[in-house]
Amino acid sequence: METRKEFLEAVMKMANLKDLEQADDAARAVISLTKLIIGDELSEEIAEASPPDLRQGWESIKAAQEDYFERDERLFETGETDGELERERQLKIASAN
């Protein structure tokens, strides 16, 4: 796999998604969380080992913010979030737009 399009087509097929846009959204989410987990050093090594088109896509995605990750982990484990974290998330989303 050498190109971003080939990568997204594989994601689309593996995840039973309807189009490349959904595959791109899914790939960005997974890569963002992966970067948070593996850290900057390993992320840079992955970029260096990737073909140019995939490297550009990898480098364009920022690591997820840890507070989002922790909130989502708590939601997964308990089914609940506290109101403070939810309000903070909404403010961050609003300010990003």
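The values are calculated or read from the model by the stated rules, or taken from the named source; none is laboratory data. The structure presented is a predicted model; accordingly, all values stated were derived computationally and were not measured. No Cβ is skipped: glycine too gets one built from the backbone with ideal geometry, and neighbour counts run over all protein chains shown. What goes into the accessible areas is simple: the full protein's heavy atoms, side chains included, and nothing from ligands, DNA or RNA. Shrake-Rupley method; radii C 1.70, N 1.55, O 1.52, S 1.80 Å.
Figures for the structure shown
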{"quantity": "Subset of region 55-64 [surrounded by fewer than 16 Cβ atoms within 10 Å (Cβ to Cβ) and more than 10 Å from the chain's Cα centre (by Cα)]", "calculated": "Arg55, Gln56, Glu59, Ser60"}
{"quantity": "Every residue from region 39-65 that is free of Cβ contacts under 8 Å to residues at least 40 places away in the same chain and among the acidic types (Asp, Glu)", "calculated": "Asp40, Glu41, Glu44, Glu45, Glu48, Glu59"}
{"quantity": "Residues being open to solvent by 70 Å² or more (accessible area, probe 1.4 Å), over 15 Å from the mean Cα position of the chain (by Cα) and of a type outside the set (S, T, N, Q) - total across region 7-54", "calculated": "10"}
